[in-house]
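Step one of this worksheet: look at the structure below.
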Amino acid sequence: MMRVLIVEDEAPAAERLMTLIQAEENIEIVAVLDSVRGTIKWVEEGGEADLWFMDIQLADGHSFSILEQVPITPPIVFTTAYNQYALQAFAHNSLDYLLKPVEQQALNRALEKYQRWEGNATAWDLEMLKAALHPPTYQERFMIKLGEQFRLIHQEEIAYVMAEEGLVFLVTHEGRRWPMDEKLEGMAAKFNPRDFYRINRKFLVRLSAIRKIHTYFNSRLKLDILPAPDMEVIVSRDRVADFKRWLNS
């Protein structure tokens, strides 16, 4: 008989999960808890389960704070309303995760994974858990110094960033070029990789600025981007494969 613990502070979500689990054979729900504090107390008092279903955000804090305070070796299935793409960052550290509202097919998938689980202690990476809940932020605006004046350029105005003759420029959709005091290497980390890709040593390009893609000699690609720069825009050969994956992502 598999013993299951549910940690969930939303009553409808807890009841739904209980109903789905109870429909399965050879599974016993040993406890349903609704807080970080109550779960820690349950573990400290000797509570045991073979598999945990745990909501990420509870009323009194995030559930990973439980992992920081008490040793937990059983596999955990996270249940959450958070976006699945953020959770993929740490999915390999848990048995599985279920998006709310939990569906029977997703639950069955998690139970099947448990059957294949070999009993190894889960290698919890708490920093990765936190990073998934609080994804990185990117610079929304850039301050440009022009003589004795300053101007703010918002990221949504920028079509691409280019390096030319030792200088780095922000190029807006309207074709304005604004000089920066930073190198392109440092600038790249400030833009969301969902929207921008560094195609070579000179260009960091926004997806929406790309108009056409052409094959180019030596297994490279040539891009038509707007506004059009005064030089060819070439995807480096060593970045072509990753660039294609980025386009398809």
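Within the range 208-215, can one find any residue that is open to solvent by 60 Å² or more (accessible area, probe 1.4 Å), of a type in the set (Lys, Arg) and farther than 30 Å from Met143 by Cβ?
So in the range 208-215, the residues open to solvent by 60 Å² or more (accessible area, probe 1.4 Å) come out as 208, 211-215.
Imposing the further condition that a residue be of a type in the set (Lys, Arg) reduces the set to 211-212.
This time we only want the ones that are farther than 30 Å from Met143 by Cβ, so: 212.
Looking for residues that are open to solvent by 60 Å² or more (accessible area, probe 1.4 Å), of a type in the set (Lys, Arg) and farther than 30 Å from Met143 by Cβ, one finds at least one in the range 208-215, hence yes.
Take Phe142 and decide whether it is within 25 Å of the chain's Cα centre (by Cα), assigned to a strand (DSSP E or B), aromatic (Phe, Trp, Tyr) and modelled with pLDDT of 60 or more.
Numbers: within 25 Å of the chain's Cα centre (by Cα): yes; assigned to a strand (DSSP E or B): yes; aromatic (Phe, Trp, Tyr): yes; modelled with pLDDT of 60 or more: yes.
It is true that Phe142 is within 25 Å of the chain's Cα centre (by Cα), assigned to a strand (DSSP E or B), aromatic (Phe, Trp, Tyr) and modelled with pLDDT of 60 or more.
Select, from Ile40, Ile56, the only residue that is more than 19 Å from Leu111 (Cβ to Cβ) and either charged (D, E, K, R) or in contact (Cβ under 8 Å) with a residue 40 or more places away in the chain (or both).
Values: Ile40 fails: either charged (D, E, K, R) or in contact (Cβ under 8 Å) with a residue 40 or more places away in the chain (or both).
Sole residue among the options that is more than 19 Å from Leu111 (Cβ to Cβ) and either charged (D, E, K, R) or in contact (Cβ under 8 Å) with a residue 40 or more places away in the chain (or both): Ile56.
Are any residues in the range 216-246 in contact (Cβ under 8 Å) with a residue 24 or more places away in the chain and open to solvent by 60 Å² or more (accessible area, probe 1.4 Å), and if so, which ones? So that I can check it myself, show each step before the final result.
Residues of the range 216-246 that are in contact (Cβ under 8 Å) with a residue 24 or more places away in the chain, as a first pass: 223, 225-227, 229, 231, 233-236, 239, 243, 246.
Correct list: Leu226, Arg239.
Give me the pairs, please: first residue somewhere in the range 93-111 and more than 19 Å from Gln57 (Cβ to Cβ) and in contact (Cβ under 8 Å) with a residue 60 or more places away in the chain, second residue anywhere and open to solvent by less than 60 Å² (accessible area, probe 1.4 Å) and part of a helix (DSSP H, G or I), beta-carbon distance under 6 Å, and either six or more positions apart or on two chains.
Gln104/Leu20; Leu107/Leu20
Report yes if some residue within the range 83-101 is in a helix (DSSP H, G or I), at pLDDT 90 or above and either touching a helix residue (DSSP H, G or I) at 6+ places or on another chain (Cβ under 7 Å) or open to solvent by 90 Å² or more (accessible area, probe 1.4 Å) (or both); otherwise report no.
Our first condition is that a residue be in a helix (DSSP H, G or I); within the range 83-101, this holds for 84-87, 91-93.
Then drop every residue that is not at pLDDT 90 or above, which leaves none.
No, the range 83-101 contains no residue that is in a helix (DSSP H, G or I), at pLDDT 90 or above and either touching a helix residue (DSSP H, G or I) at 6+ places or on another chain (Cβ under 7 Å) or open to solvent by 90 Å² or more (accessible area, probe 1.4 Å) (or both).
Only one of (1) of a type in the set (A, V, I, L, M, F, W, C); (2) in a strand (DSSP E or B); (3) in contact with a helix residue (DSSP H, G or I) (Cβ under 9 Å, 6 or more places away or on another chain) is not met by Phe191, so which one is it?
So Phe191 meets the others, but not (2).
The values are calculated or read from the model by the stated rules, or taken from the named source; none is laboratory data. Worth saying up front: this structure is predicted, and the values here are computed from it rather than measured. A quick note on method: Cβ atoms are made from the backbone with ideal geometry, for glycine too, and the neighbour counts reach across all protein chains shown. When the accessible area is computed, the model is the full protein with side chains, heavy atoms only, and any ligands, DNA or RNA have been set aside. Shrake-Rupley method; radii C 1.70, N 1.55, O 1.52, S 1.80 Å.
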